[in-house]
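Here the structure is laid out as structure tokens; the discussion comes afterwards.
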Amino acid sequence: MPIPERLKPSFTPARAAELDRLDEARKRLIVALDVPDADTAAELVHRLEHTCQWFKVGMELFTSAGPQVIEPLIARGHSVFLDLKFCDIPNTVAGAVRAAATLGVRMLTVHALGGPAMLEAAQAALVDLNNPPQLLAVTMLTSMDQDQVTAVGLRCSPAEQVELLARMGLVAGVRGFVCSPREVATLRALTGPEGVLVIPGIRLAGAQSGDQKRIATPADALHHGASYLVVGRPITQAPDPAEAAEAILGEMAEALCN
Ligand code: C5P
């Protein structure tokens, strides 16, 4: 929860500035609710709701719990990122994007690999809406290293592929992208300050990477131009998820003042 303005004068200026930075960090941290069912998600949100503002609903939770898992999150004042990574023919993706927008989510994903026509259709599906969600094109999964990229037949590095897809997305009218921390600086230079760059693959120094290959710390990702950080297991599988989130928010807040 943001700190009410009326409470701030009792703090020293230094403490008030620190709380402002924590507020800013909270607006930029997205917790991935990669859990098997609605009850587990509700319990996790209950433990995190005084610490975190954004929650990401991905394919595991959405598939098991259905669209109705989103409404209670919004009703409790949270912002929801629907990460279903649509990739299909343009007409089908446009319909799915419109349907997702009616759920009240603030961000949603499509795969950039769906191509320019699909991206244009996805973006066009949102133009007539009031206060539409931010469309994000996923460039390349953060779990893909050079071996994985080569195995799907691409003759370039992950970084080159991400840049190519982002350039293609920009031409198609997309202004939001998901990429790994390693490519965020390149994409920030491409999009300018108005680009929305959402970055998974975030780990505190020394933490386990799991299946993620292209990772960085919260501070590094922010310094290179990330708009939002997505963190799943380091928070959701911690013995105390709120404490784990606070550690990440603390590093983010510190990075925001440098
Ligand atoms: O648990 P962890 O922090 O690795 O979770 C990262 C989250 O970000 C997962 O929900 C995953 O689906 C998502 N994601 C990703 N790489 C992308 C796009 C989304 O890891 N390129």
Notebook entry, point to check: Label-point separation (nm) for D88 and D23, each offset 7 Å from Cα along Cα-to-Cβ?
Noted result: 4.2
Next item on the list: Determine one quarter of the surface area of the Cα convex hull of segment 24-162, which equals its mean projected area, and express it in nm² to one decimal.
Entry: 9.6
Notebook entry, point to check: Say R0 is 30 Å: what FRET efficiency, to the nearest 0.05, do L256 and S143 get from their beta-carbon distance?
Noted result: 0.65
Notebook entry, point to check: What does segment 207-258 give for Rg and for Dmax, in Å, if only its C-alpha atoms count?
Noted result: 11.2, 31
Notebook entry, point to check: Where is the GNM fluctuation largest for the chain (alpha-carbon springs, 10 angstrom cutoff): R26, R47, R15?
Noted result: R15
Checklist line | Coil-residue GluC sites (Glu not before Pro) of segment 8-83, DSSP, other Cβ within 10 Å capped at 14 | finding: none
Notebook entry, point to check: Kirkwood hydrodynamic radius (Cα pairs, Å) of segment 69-113?
Noted result: 11.1
Check: How far, in nm, would the chain grow between A205 and E60 when pulled straight, counting 0.36 nm per residue and subtracting the alpha carbon separation?
Finding: 49.5 nm
Checklist line | Pairwise centroid distance, computed over Cα atoms, of segment 120-168 with segment 13-66, Å | finding: 24
Item checked: Separation in nanometres of the label points that stand 7 Å from Cα toward Cβ, at V127 and E43 -> 4.7
Next item on the list: Would you mind telling me which residue in Q146, Q53, Q123 has the biggest mean-square fluctuation in a Gaussian network model of the chain, where springs connect alpha carbons within a distance under 10 angstrom?
Entry: Q146
Checklist line | the chain: Cα Rg divided by the 2.2 N^0.38 Å rule of thumb | finding: 1.00
Check: Rounded to a whole number, what is D in µm²/s for segment 20-100 from Stokes-Einstein with the Kirkwood radius over alpha-carbon pairs (4 °C, 1.567 mPa s)?
Finding: 96
Next item on the list: Report the residue, chosen from V45, V230, V152, that carries the largest GNM mean-square fluctuation when the chain is represented by alpha-carbon nodes joined by springs under 10 Å.
Entry: V152
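Any read-out appearing in this document is the output of simple, stated calculations on the displayed coordinates, not a laboratory observation. The model shown is predicted, which means the values in this text are computed figures rather than measured ones. Note: ideal-geometry Cβ built from the backbone for every residue, glycine included; neighbour counts use all protein chains shown.
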